[in-house]
1. Hand me the trypsin sites (Lys or Arg not before Pro) from the range 3-47 located in a DSSP loop with no more than 16 other Cβ atoms within 10 Å, in residue order please.
2. I want to verify a result. In a Gaussian network model of the chain, Cα cutoff 10 Å, which of these has the top mean-square fluctuation: V45, V30, V82?
3. For the chain, what class follows from the C-alpha gyration tensor (a ≥ b ≥ c being the square roots of its eigenvalues): rounded when a/c is under 1.5, otherwise prolate if a/b is larger than b/c, else oblate?
4. Using the alpha-carbon atoms, what tilt in degrees (0 to 90, nearest 10) does helix 40-53 show relative to the longest principal axis of the chain?
5. Please compute the length gained on full extension between K15 and D78, using 0.36 nm multiplied by the number of residues separating them and subtracting their Cα-Cα distance.
6. So for the pair R40, L62, with labels modelled 7 Å out along Cα→Cβ, what separation do we get in nm?
7. Counting only heavy atoms of the protein chains, get the accessible area per residue of the range 1-45 (1.4 Å probe) and round it to a whole Å² value.
8. Tell me, what % of the accessible area of the chain is carbon and sulfur with a 1.4 angstrom probe?
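The values are calculated or read from the model by the stated rules, or taken from the named source; none is laboratory data. No experiment lies behind these values; they were computed from the predicted model shown. Every residue, glycine among them, receives a Cβ derived from its backbone with ideal geometry; neighbour counts consider all protein chains shown. For accessibility, only protein heavy atoms count, side chains too; no ligands or nucleic acids. Shrake-Rupley method; radii C 1.70, N 1.55, O 1.52, S 1.80 Å.
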Amino acid sequence: MTVAVRVRPGASRTKVGGSYAGPYGPALVVAVSAPAVDGRATEAVIRAVASALGLRPRAVTLRTGQTSRDKLLTVEPDTPQVAERLRDLLES
């Protein structure tokens, strides 16, 4: 499953939820406290999304957008439970 995310680096705390009309369609908003330096924010986003979906970090990989706030992530496995949780996060 491919998940579009919009990253907000440098936030006071990590938060996953909400929707943003990004270039890849509706994107999941992910706020992380890590700065956007040397890929630290990207790594924090991967960990945050995996945790929010109830998966291990290695189940989420970056597909595109290494240096962009708009990223595409690949999530494995693509199960109905993960899809439902993602839908809930987009609506929150």
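1. R13
2. Answer for the Gaussian network model of the chain: V82.
3. The shape class here is rounded.
4. In the chain, helix 40-53 runs at an angle near 20 degrees to the longest axis.
5. Extending this stretch completely gives an extra 20.4 nm.
6. Result: 1.4 nm between the two label points.
7. Heavy-atom SASA per residue in the range 1-45 reads 50 Å².
8. About 47 percent, which is the carbon plus sulfur part of the accessible surface.
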